[in-house]
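Asks: Handing you this structure, nothing more for now.
The values are calculated or read from the model by the stated rules, or taken from the named source; none is laboratory data. Everything numeric in this text was worked out from a predicted model, so none of it was measured. In this analysis, Cβ positions are derived from the backbone assuming ideal geometry, glycine residues included, and neighbour counts consider all displayed protein chains. Ligands, DNA and RNA are excluded from the accessible area calculation, which covers all protein heavy atoms including side chains. Shrake-Rupley method; radii C 1.70, N 1.55, O 1.52, S 1.80 Å.
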Amino acid sequence: MKILVTGAAGGIGTRLRQLLPAIYPDIRWSDLRKPDDLKPNEEFIQADLANLDEVEKIVEGVDGIIHLGGFSVEGSWETILSANIIGCRNMYEAAYRAGVKRVVFASSNHAVGFYPRTQKIGVDVTVRPDSRYGVSKAFGEAMGALYADKHGLRVTCLRIGNFGDEPIDVRRLSIWLKPEDLVQLCRIGLEHPGIHFEIFYGASNNAAAWWDNSNAVKFGYKPVGVGEDFRASAEAAQKNIKPDPVGDKLQGGTYPSAEYDADKRAR
Ligand code: 15L
């Protein structure tokens, strides 16, 4: 398989550049800017996702796409519109036109970040985005469903929690995703014969999880990261974080509490 990975210079992309080549020897990497540490043997094409012509060039000849590209946190409407909404539409549309078979879309927990931490949710709940960024991820999931149902792309959306070597605070004990587990989820999306349109939570084996990830397990996902192994360090780190009366109750944390004023408006 020839794979395109967008967002190659970002945090997740940088880590996948170490992990993926052993599995997929033929990878094309892309981003708005060239990664500083690009190696001579890595194929890289620079592209602005907001420019359809450029996106058509990067998808040419690939079998599958891992779409990490775009803005990875909350941003202004203009930024989110261009990088995440227009950019995501361009990726699906270019993939369709070029006959790409599979897309793994990096969605985010922020598509459902307004759910309370007391509620365990599956992948079939109504989206409750907690930010403009979260709205763009819900949009990317909806576009995935459209291109799967209407055009036959095989699409897997990963609602990624927090990617890294360990959970960095108490919230992340519930949503942590070990890099090797992300690789496993990408492989399911790119290779499993039963994929049509699926949503999985991008989370490791976290006893404190707020998510029911049985859909991923059904497709063979066996996470190796164990969140509870890091409880002591996560709780210690939490002591240095200021309490957030709104965000601490909600799955999305600081994303739903930023700009929050629902409690101040007369109904
Ligand atoms: C995300 O979607 C972001 O890309 C990442 O930077 C973190 O903020 C993460 O969510 C999180 O919720 O911890």
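Asks: Here is a check on your reading of the model: is Ile3 closer than 19 Å to Gln184 by Cβ, crowded, with 20+ Cβ neighbours inside 10 Å and in contact (Cβ under 8 Å) with a residue 60 or more places away in the chain? So that I can check it myself, show each step before the final result.
Replies: Values: closer than 19 Å to Gln184 by Cβ: yes; crowded, with 20+ Cβ neighbours inside 10 Å: yes; in contact (Cβ under 8 Å) with a residue 60 or more places away in the chain: yes.
Yes; evaluated as a whole, the condition is true for this residue.
Asks: Could you tell me how many of the residues in the stretch 59-75 are open to solvent by less than 50 Å² (accessible area, probe 1.4 Å) and away from the ligand (no atom under 16 Å from the Cβ)? First the steps, then the outcome.
Replies: Let us first name the residues in the stretch 59-75 that are open to solvent by less than 50 Å² (accessible area, probe 1.4 Å), namely 59, 62, 64-70, 75.
Restricting the remaining residues to those that are away from the ligand (no atom under 16 Å from the Cβ) gives 59, 62, 64-65.
Adding up the residues that qualify gives 4.
Asks: Restricting the search to the stretch 6-23, which residues are more than 16 Å from the ligand (Cβ to nearest atom), in contact (Cβ under 8 Å) with a residue 40 or more places away in the chain and either out of contact with any Asp or Glu (no Cβ under 8 Å at 6 or more places or on another chain) or more than 15 Å from Val104 (Cβ to Cβ) (or both)? If you could, list the steps in order and put the result at the bottom.
Replies: Restricting attention to the stretch 6-23, the residues satisfying the condition of being more than 16 Å from the ligand (Cβ to nearest atom) are 17-23.
After this cut, where a residue has to be in contact (Cβ under 8 Å) with a residue 40 or more places away in the chain as well, the list is 19-20, 23.
Leu20, Ile23 - these are the residues of the stretch 6-23 that are more than 16 Å from the ligand (Cβ to nearest atom), in contact (Cβ under 8 Å) with a residue 40 or more places away in the chain and either out of contact with any Asp or Glu (no Cβ under 8 Å at 6 or more places or on another chain) or more than 15 Å from Val104 (Cβ to Cβ) (or both).
Asks: So for the stretch 135-142 (the condition being acidic (Asp, Glu) and within 14 Å of the ligand (Cβ to nearest atom)), does at least one residue qualify? Break it down into steps so the answer makes sense when it comes.
Replies: Step one: filter the stretch 135-142 for residues acidic (Asp, Glu), giving 141.
Narrowing further to those that are within 14 Å of the ligand (Cβ to nearest atom): 141.
For the stretch 135-142, residues acidic (Asp, Glu) and within 14 Å of the ligand (Cβ to nearest atom): present.
Asks: Of the residues in the stretch 227-267, how many are more than 14 Å from the ligand (Cβ to nearest atom), within 23 Å of Val112 (Cβ to Cβ), outside any helix (DSSP H, G or I) and of a type in the set (A, V, I, L, M)?
Replies: Total satisfying the criteria: 1.
Asks: If Asn84 passes every condition in (1) closer than 28 Å to Glu259 by Cα; (2) among the polar types (S, T, N, Q); (3) open to solvent by 30 Å² or more (accessible area, probe 1.4 Å) but one, which one does it miss?
Replies: (3)
Asks: Going by the conditions given, is Gly220 on the phi > 0 side of the Ramachandran plot and among the small types (Gly, Ala, Ser)?
Replies: Criteria met by Gly220.
Asks: Among the residues of the stretch 192-215, which ones are touching a residue at least 12 places away in the same chain (Cβ under 8 Å), open to solvent by 30 Å² or more (accessible area, probe 1.4 Å) and under 18 Å from Ile65 (Cα atoms)?
Replies: Hits for the stretch 192-215 are His192, Gly194, His196, Phe197, Glu198.
Asks: Report the residue count in the stretch 137-178 for those that are crowded, with 21+ Cβ neighbours inside 10 Å and part of a loop (DSSP other than H, G, I, E, B).
Replies: Qualifying residue count, the stretch 137-178: 4.
Asks: Contact list please: Cβ distance under 6 Å, first residue in the stretch 118-135 and closer than 16 Å to Leu250 by Cα, second residue among the small types (Gly, Ala, Ser) and surrounded by 19 or more Cβ atoms within 10 Å (Cβ to Cβ), pairs at least six apart or on different chains.
Replies: Pairs found: Val127/Ala111; Val127/Ala138; Pro129/Ala111; Pro129/Ala138; Asp130/Gly113; Asp130/Gly252; Gly134/Ala111; Gly134/Gly113.
Asks: Being within 16 Å of the ligand (Cβ to nearest atom), touching a residue at least 12 places away in the same chain (Cβ under 8 Å) and either open to solvent by less than 40 Å² (accessible area, probe 1.4 Å) or touching a helix residue (DSSP H, G or I) at 6+ places or on another chain (Cβ under 9 Å) (or both): is that true of Gly220 here?
Replies: Answer is no for this residue.
Asks: Could you look through the stretch 102-132, keep only residues that are assigned to a helix (DSSP H, G or I) and either more than 13 Å from Phe200 (Cβ to Cβ) or in contact with a Leu (Cβ under 8 Å, 6 or more places away or on another chain) (or both), and pick out the one that is farthest from the ligand (Cβ to nearest atom)?
Replies: Arg132
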